Amino acid sequence: MAKQGLAVQPFKKGPDYIDPLWLTRAAGHVCYNLDFFTMSHAEILSTFMSGDVDADISLIEGNKGLYDGLAVDGSDSNAALAKMLATPVVLVIDTVGMTRGIAPLIKGYLDFDPEINICGVILNKVGGARHEGKLRAALERYTDVEVLGAIGRDRALEIPERHLGLIPANEDSSADAMITRLSDAVSNGIDINRLIELAGAAKVPAAKPATITNVDNPIPDVRIAIARDAAFGFYYHDDLAAFAKAGAELVPFDTLKDPHLPDVDGLFIGGGFPETHLSALAANEELLTNIRGALASGMPAYAECGGLMYLAQSIRWNDEKLDMVGAIPGDVVVEDRPQGRGYVILEETGKRPWSPAANAQNDSGNIISAHEFHHARLENLPDNLDYAFRVKRGSCIDGQHDGLITGNLLAGFAHHRNTAGNPWVDQFVAFVREKSRYN
C-alpha cells in the first residue's frame with residue numbers, strides 16, 4: 001500500500017514494542033498501540049481517530065486470535081476492538097496441514113459473533129498451487145467468505161526470533177530488505193486493491209472523543225536524555241509525544257557509541273535487549289562512568305526493564321558476565337525461561353519520588369495497570385531498599401515489589417503506558433523540572 005503512494009497508518013492491538021517497530025518501518029508512519037488493559041475505551045478511540053485523521057488507510061494488527069483475550073466474555077479481544085472501531089476484519093489463516101478442514105474453522109469464526117464483519121480471508125503458508133486449490137474449493141462450497149489471496153510457505157519470509165520474540169527492526173540490519181521481500185510476496189499473492197476497497201467501506205466510529213486536541217506544544221524548559229539505539233528501542237510513540245506536551249525535549253544518545261550523556265536535566269532509558277549487546281555496552285566504559293556519576297550527583301532518572309538491567313552492577317547471560325553502570329545495587333541474570341510475562345497490576349506504596357501528590361504518602365494505594373516481559377531477574381539486592389510499587393499481579397522485581405528507588409532514580413521491570421489513569425510522563429517531567437540541574 002505504501003508503494004502505491006498511500007499514507008498507511010498502522011496500529012497494534014495489545015502491549016507490544018517489537019511488532020510496532022516493524023510496522024512503523026514498513027509503513028513510514030509511527031505505529032500506535034490500542035490496549036484494553038492499560039487504556040480506557042475513550043483513550044483507545046481517541047488514539048485511533050487521532051492517528052487515522054491524516055491517513056489514506058489504517059491497518060490494525062491483532063494479537064493472538066480474533067476472539068482471544070483475558071476476559072471470558074471477549075470484552076478485551078480483537079473482536080471487541082473491531083466492534084468498537086467499526087472495522088471490517090481480515091482473517092490470516094495458517095494453512096499448514098489443512099485442506100477441507102478450513103471450512104468448519106472459518107464457519108466457526110463467522111457464526112461465533114455475527115456482529116463481527118469478517119470481510120475476507122488470506123491463506124498463509126500455502127504448500128503450492130494444488131494445496132491452494134483445495135483450500136479455495138472447500139471455502140467456496142461451504143462458506144460465503146471471500147478469499148483475498150494466498151502466501152506460499154517460504155523460509156525467506158520468516159523474521160528470525162529469539163528468547164523474547166522477533167528480532168526488533170531497530171537491531172536488524174537487513175530489516176529493509178526483509179520488508180521488501182514481504183511486500184513483494186504480498187503484492188504477488190494478495191488482491192491489494194480489493195483489500196483497499198473493503199477498507200473503504202468501513203464505518204466511522206459513532207463519536208469523536210473530546211480528548212482529541214490540537215494544542216501546540218509548549219516551548220521546552222527541560223531536556224531529558226533518552227537511549228535510542230540497537231540496544232534500547234522499546235518506547236510508545238504517544239508516550240514520547242507526551243514529553244513534548246509536558247514541556248520536555250527528548251535528546252537521544254547511543255549507549256553503544258557515545259562517550260557521555262548530552263547536556264540534560266534528566267535521563268530516561270526504556271526497554272530493549274542489553275544482553276545481546278553486552279560486550280559493546282561494557283566496552284563503552286566512559287559512558288558507564290559518566291552515567292554513574294550523573295545519577296550519584298542526583299540526576300532524576302527513570303528506567304524500564306532493559307534500562308534497569310543496564311543500570312545494575314552487572315549482567316550475566318549464558319557464560320558471559322560484564323559490568324554495567326552500577327547505580328542499582330544488584331546483579332542481573334538472564335535466564336532461558338521468562339521470569340515475568342503478561343499484564344501486571346501495581347499498587348503505589350507512596351514512596352515514588354515523582355508522586356503526583358504534594359505529599360507522596362497521599363499517593364499510597366493508587367492502582368496502576370502495566371505489563372512485563374523479561375527473562376532477566378535481579379540477585380544480590382540488599383534488604384533495605386525502597387520500592388514505588390507493590391505487585392498485585394505479575395512478577396516484576398521479586399514477585400512483591402517493583403519500581404526500585406535509589407536517590408532520584410526509579411527503575412522497574414514493568415512497562416508503563418502514559419494514560420489518564422497513569423500520567424507518568426507529566427509526573428516525571430515535573431520532577432525533572434523540580435530537580436533541574438539537581439538543585
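Between the C-alpha center of segment 1-70 and that of segment 314-339 there is a gap of 33 Å.
Ordered by packing density, taken as the mean number of other Cβ atoms within 10 Å over each peptide's residues, highest first, how do 194-203, 13-22, 126-135 rank? Show your work: numbers first, answer last.
On the way: 194-203: 14.0, 13-22: 22.1, 126-135: 16.2.
With the highest mean Cβ count within 10 Å placed first, the list reads 13-22, 126-135, 194-203.
Of all aspartates and glutamates in the structure, the ones whose alpha carbon falls short of 12 Å from that of residue 321, not counting any fewer than 8 places away in one chain, are 275, 331. In sequence order, segment 65-82 has phi-based couplings of x, 4, 9, 7, x, 6, 7, 5, 8, x, 5, 10, 8, 4, 4, 5, 5, 4 Hz under the Karplus curve 6.51 cos²θ - 1.76 cosθ + 1.60, θ = phi - 60°, and Gly or Pro positions carry x. For the chain, the longest principal axis of the C-alpha atoms and the axis of helix 285-296 are separated by about 70°.
Arrange the peptides 93-103, 241-251 so that the one whose residues have, on average, the most other Cβ atoms within 10 Å appears first. Show your work: numbers first, answer last.
On the way: 93-103: 15.8, 241-251: 19.4.
Final packing ranking: 241-251, 93-103.
By the beta-carbon count within 10 Å of each Cβ, the least crowded to most crowded order of 404, 240, fewest first, is 240, 404. Near the amide H of residue 118, within less than 5 Å, lie the amide hydrogens of 89, all on another chain or at least 5 residues away, with H placed in the peptide plane.
For segment 255-263, 3J(HN,Hα) computed residue by residue from phi via the Karplus equation (6.51, -1.76, 1.60; θ = phi - 60°) reads 5, 8, 10, 6, x, 7, 5, x, 6 Hz, glycine and proline entered as x.
For residue 343, the shell of other residues with beta-carbons less than 12 Å away shows a net charge of +1, using +1 for Lys and Arg and -1 for Asp and Glu. Equivalent ellipsoid of the chain: semi-axes from √(5λ) of the C-alpha gyration tensor, largest first, are 41, 24, 21 Å.
Angle of helix 41-52 to the longest C-alpha principal axis of the chain, folded into 0 to 90 degrees and rounded to 10: 70°.
Please compute the Kirkwood hydrodynamic radius of segment 254-299 from all pairs of different C-alpha atoms, in Å with one decimal. Show your work: numbers first, answer last.
Details: mean 1/r = 0.0885 Å⁻¹.
11.3 Å is the Kirkwood radius here.
With everything on Cα atoms, drop me the angle between helix 129-142 and the longest principal axis of the chain, reported from 0 to 90° to the nearest 10. Relative to the chain, helix 129-142 is tipped by roughly 80 degrees. When both bridge partners sit in the chain, DSSP labels roughly 45% of those beta bridges antiparallel.
FYI, it's all coordinate maths here, none of it is from the lab. Just so you know, these numbers come straight off a predicted model, no measurement behind them. Quick reminder, even Gly has a Cβ in these numbers, built from the backbone with ideal geometry, and neighbours come from all protein chains shown.
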